[in-house]
C-alpha cells in the first residue's frame, strides 16, 4: 500500500515523505492532482511573477465600522462550463445522500479556537454604503485569506476595488438585536484593510466567471494586527480527492450573516483547472471561507470557497491552493509593507 500524505504543507518545509505525488496517494489521485499541476504549470512564469511582485492595491484604511448589507451570490452560468466538466458534476448529484437535509451546525461560541480565526469581511464599495459580507480566515495577525470576488468587482467601481474593507474575527449577533445600525459584536476588535492583493488573472477582463474561479483567492493586509484572534495555516493538500471538506462561515439565511455556522462534506471532484467540487451546505455570505479538512488538516486551509454552478442543483466550487498559489499567498502574507 502506498503511503498517504496527511501532514500540512505550510510555512514549515514540506515533509520529505510528501516530496513526490507517487509517495503520497493512489494512482487515480496522482492523475487528478497531476492535471492540476499541469494546469498550474500552464500559467506563464511572467504571470506568476506578476502576482509575486504585485504591490497590491492600497486603501486609506478608513476606520469606520459599516452596517451589514445583503451578500451577493457568486454564480456561474452552466453554459460557461465545459461540457465534459458539467457531465462529471451531474454524475455526482445522482448520489441522493449529497442533496439531503441541511447539515449546517451553529457555532455557539465563535470566540474560541479554531473559530476565532474565521472573520466576516465587510467590503464598503462606496462611502456611506453598508458593508457587503463575505467570509475570510486570519492566516497571520495582520493578514486574511478570502475570495478575490469579495474584494474586486469592475462593475461596482471604476478601478474595481472597494472604498474600504473591514474584518471582524469571531463576529456574533448582539442581544437583543438592534433594529438598525451595527447589529453585531466584535469580540477581538476590528481590522481595517491597508492593502488588497488580488491575482492579475482574476482581474483580467477577457475571462468569464468560470475561468476566473481558479484565481478566486486574495489576501487582505491590515493596518494593524489583531493579536487575540486566532490563525489558521494554508497549504497544498496532495491527497485531495475524497478528502473531508469543512467550511466555517456566515450565511445569508442564518441570522442574516450574523451567526457563524459549520458545514461538512468531502471533495467530490478534482477539476483540472485548479478547482474542486464539494457539497458542503452554504448560502451567499460564505464565499471566501477557507476549506479545511480533518486530522492533521483540521486547521489548515487547502481551498477557498468561490462560487456555485446553479442548474437546479447547486455545484459548489472552490479554488484549490496549488503550489504556485501557495507561493503567491505566502508572498502577500509575509511581505513587509
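Every read-out reported here was derived from the displayed coordinates using simple, explicitly stated rules and does not represent laboratory data. Please read these numbers as outputs of a predicted model, since none were measured by experiment. All Cβ positions, even for glycine, are placed from backbone atoms using ideal geometry, and neighbour counts span all protein chains on display.
Sorted ascending by nearby beta carbons within 10 Å, beginning with the fewest, 248, 253, 206 become 206, 253, 248. Ordered by the number of other Cβ atoms lying within 10 Å of each residue's own Cβ, fewest first, 132, 321, 106 fall into the sequence 106, 132, 321. When only alpha carbons are used to place a centre, segment 263-337 and segment 182-200 end up 20 Å from one another. Computed from Cα atoms alone, the Kirkwood hydrodynamic radius reported for segment 188-337 is 16.2 Å. Taking other C-beta atoms within 10 angstrom as a stand-in for reagent exposure, 113, 280, 146 fall in the order 113, 280, 146, fewest first.
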